[in-house]
Ligand SMILES: Cc1ncc(COP(=O)(O)O)c(C=O)c1O
């Protein structure tokens, strides 16, 4: 009992105990000393152990799309946990919620993506995408097709293969050697593209097609007979909310078809409405062969992710003479699937995909109104309800600040002091609030970010 009382302690004490007992994702003990210990959430708000309220500017980690404190999601988990808390999903064993969720995803996702494998999160989804691609080619008699082409600035998780696909080099050094057979090509980054007139051996090609052609060059360099799959996020999230030109993914699809390379879309962030469509490639009329998802499928209330594959891939697995030796204990967890089914129902009932599109436009408008004239705001960008503000030293030349100046980190700290909690990548401040956030809070986010910017940059 006394122990219980002692535990109702100050944030300083909690952080001391935390640091003595926990290792965190992206562990950095120095940075964590000024961390938060969160105790409650409601809607788009988070409350820390000091009792201070913050706007959850990134929906947790891009996942809490339905906001905090949703009783329906807790109820869905409770009901399922009381009925059947766990059962194996290995061959020979299944459960009704997993079947229902797969059927529902077949209706919701891209045409042709109609068979599903569940994981506990996004990295496992990417591992599964890579392993299903390699297995597919082996079973089709092309065992040399094993390489994975991914992109610079792409983020796919931190397990070893997902980390090897990730194209943000800071994730590698402590853990190398990386898994062999992973190649990176440049991502489209319109703001950092060669300025008009400065580039181009093929002046008639757009930037989108030129940068997509990097995939063709890489496939030809490696040999099409060695490449299994191209892995890409439709909109780069962790890399800094970078939106491709409209003609990029249609061209990617053509290249994958031409060289018999599977296209695996990492929609771990973009899936389930974040970009204002159920799935982001819908913006460009493109269908992947493999779809990776996680995060918003349960709104973060249960760890669940997975992949969907087309019937061609599923058919090859069905006909295989050997089992697909890939498995997770928690694949198709009944409580996770029950929460996902409820979350998807809420997205439909509350028309939240359209709301995400509308609120994204509102937020981008508010950011423009508050920040567009600031001399160090290089670009305000976004797709649907994922947005970013990129700060630069010189707006005309787009020259970045020196990393030692820590501009992004300082603006992040000032924003927190004003009640906005989100994340930065370098000097790019990213935003992806819950779909249920009220409009006036969107204006407040823009106001806080403007004031934090002034505090750091004048
Ligand atoms: C696009 C993308 N893929 C994969 C992942 C990894 O997901 P997880 O952290 O659930 O393993 C993330 C996480 O942010 C992500 O943004």
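Summary of computed values
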{"item": "Strands (runs of 3 or more DSSP E) contained in region 28-76 and holding at least 3 residues more than 16 Å from the ligand (Cβ to nearest atom) and surrounded by fewer than 19 Cβ atoms within 10 Å (Cβ to Cβ)", "result": "38-42"}
{"item": "Wholly within region 207-312, strands (runs of 3 or more DSSP E) carrying at least 2 residues that are more than 30 Å from residue 342 (Cα to Cα) and touching a helix residue (DSSP H, G or I) at 6+ places or on another chain (Cβ under 6 Å)", "result": "227-232"}
{"item": "Qualifying residue in region 86-103 (condition: within 16 Å of the ligand (Cβ to nearest atom), crowded, with 17+ Cβ neighbours inside 10 Å and part of a loop (DSSP other than H, G, I, E, B))", "result": "no"}
{"item": "Evaluation of residue 396 against (1) within 23 Å of the chain's Cα centre (by Cα); (2) in a loop (DSSP other than H, G, I, E, B); (3) over 26 Å from residue 298 (Cα atoms) (one fails), failing number", "result": "(1)"}
{"item": "Any hit, region 131-145, residues being touching a helix residue (DSSP H, G or I) at 6+ places or on another chain (Cβ under 6 Å), within 16 Å of the ligand (Cβ to nearest atom) and under 23 Å from residue 238 (Cβ atoms)", "result": "no"}
{"item": "Search result, residues across region 262-276 that are surrounded by fewer than 24 Cβ atoms within 10 Å (Cβ to Cβ) and away from the ligand (no atom under 16 Å from the Cβ)", "result": "276"}
{"item": "Residue check, residue 281 within 21 Å of the chain's Cα centre (by Cα) and at negative phi", "result": "yes"}
{"item": "Matching entry among 424, 430 (being in contact with a strand residue (DSSP E or B) (Cβ under 6 Å, 6 or more places away or on another chain) and either assigned to a strand (DSSP E or B) or within 16 Å of residue 360 (Cβ to Cβ) (or both))", "result": "430"}
{"item": "Complete set of residues in region 160-178 that are within 16 Å of the ligand (Cβ to nearest atom) and either in a loop (DSSP other than H, G, I, E, B) or under 21 Å from the mean Cα position of the chain (by Cα) (or both)", "result": "160, 161, 162, 163, 164, 165, 166, 167, 168, 170, 171, 172"}
{"item": "Single unsatisfied condition, residue 157 versus (1) within 25 Å of residue 317 (Cβ to Cβ); (2) away from the ligand (no atom under 15 Å from the Cβ)", "result": "(2)"}
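Computed from the coordinates by the stated procedures, all read-outs in this text should not be read as laboratory data. All of these numbers come straight from a predicted model, not from anything done at the bench. Ideal geometry is used to build each Cβ from the backbone, glycine not excepted, and the neighbour counts take in all protein chains shown.
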